[in-house]
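Notes for the one structure printed next.
The values are calculated or read from the model by the stated rules, or taken from the named source; none is laboratory data. Bear in mind that the values here come from a model prediction, so they are computed numbers and not experimental data. Note that each Cβ is placed from the backbone with ideal geometry, even for glycine, and that neighbours are counted across all protein chains shown. Surface accessibility is based on the protein's heavy atoms, side chains included, excluding ligands, DNA and RNA. Shrake-Rupley method; radii C 1.70, N 1.55, O 1.52, S 1.80 Å.
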Amino acid sequence: MTPLPAGEALVALLGMRGGPDDAVDHLADMDFVLCELGEHTDETEHTAHLWTAETQPPRGLWFLWTGNDGGLRVHHRFTTLPLCPARLHHVREGYRQWCSLFDGHPGNHSFHVRDPLQDLLHERTQREARRRTSRDDPSGGDHDDP
């Protein structure tokens with residue numbers, strides 16, 4: 001995880017063909033980003049996806065960075081790259097899952113990557129949502145109050 005340099009990210013989004021109309025709002029919840037690659041070598045840049053333009057072919061805006069042994073970011077850059085064309089067909093379930101990384105990415109495709117930190121954050125978010133829901137509705141049931 002690393003802090004996202006908001007000013008530079010905004011410049012990159014505004015300068016991107018097919019960037020969001022609401023770039024400031026889009027970045028509002030992105031104080032920090034997580035690497036999406038899963039396990040990789042220290043020489044490989046960490047990668048976080050910021051936006052996918054609705055262009056043909058679709059291109060994504062990526063934030064790439066390297067760190068040192070102390071976990072501090074040493075170098076970073078923003079770049080637009082074509083999306084990975086790999087997809088996983090779930091024949092029995094009747095759907096396809098696209099790789100959400102960039103074309104030529106190192107390591108496994110996104111549908112094979114498990115991120116324990118992201119899973120933990122997702123679990124915590126779900127737990128908090130359940131707690132708030134049960135606090136708002138002590139009976140826990142679905143009913144209409146008159």
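Here the contact order of the range 1-83, divided by its residue count and restricted to Cα pairs under 8 Å and six or more residues apart, works out to 24 percent. Among the cysteines of the chain, those with no neighbouring cysteine Cβ under 4.7 Å are Cys35. A cut-off of 5 Å between modelled amide H atoms, ignoring neighbours fewer than 5 places along the same chain, links Leu37 with Thr47. Taking every protein chain into account, the accessible area of the range 1-95 amounts to 64 square angstrom per residue (probe 1.4 Å). Applying a DSSP loop filter and a limit of 14 other Cβ atoms within 10 Å to the trypsin sites (Lys or Arg not before Pro) in the range 1-85 leaves Arg17.
Paramagnetic label reach from His89 (point 7 Å along Cα→Cβ; backbone nitrogen cut-off under 17 Å): within the range 96-118, residues 96-99.
Computed about the Cα centre, the dipole magnitude for the range 1-45 is approximately 220 debye when only Lys and Arg (+1) and Asp and Glu (-1) carry charge, each at its Cβ. Relative to the longest principal axis of the Cα atoms of the chain, helix 116-136 runs at roughly 30 degrees. Cβ-Cβ distance of Trp98 and Arg73, R₀ of 30 Å, FRET efficiency by 1/(1 + (r/R0)^6): the value works out to about 0.55. Taking packing as the residue-averaged number of other Cβ atoms within 10 angstrom, the listed peptides 122-132, 98-108, 23-33 run from highest to lowest as 98-108, 23-33, 122-132. Helical runs assigned H by DSSP (4 residues or longer) give the chain a calculated mean residue ellipticity at 222 nm of -7500 deg cm²/dmol, each run adding -39500 (n - 2.57) before division by the residue total.
Summarise the accessible area of the chain (1.4 Å probe, protein heavy atoms) by the percent that is carbon and sulfur. That share works out to 50 percent. Taking every alpha-carbon pair under 8 Å whose residues sit at least 6 apart, the chain reaches a relative contact order of 16 percent. With the simple model of a label 7 Å out from the Cα in the direction of the Cβ, His26 to Leu14 spans 1.3 nm.
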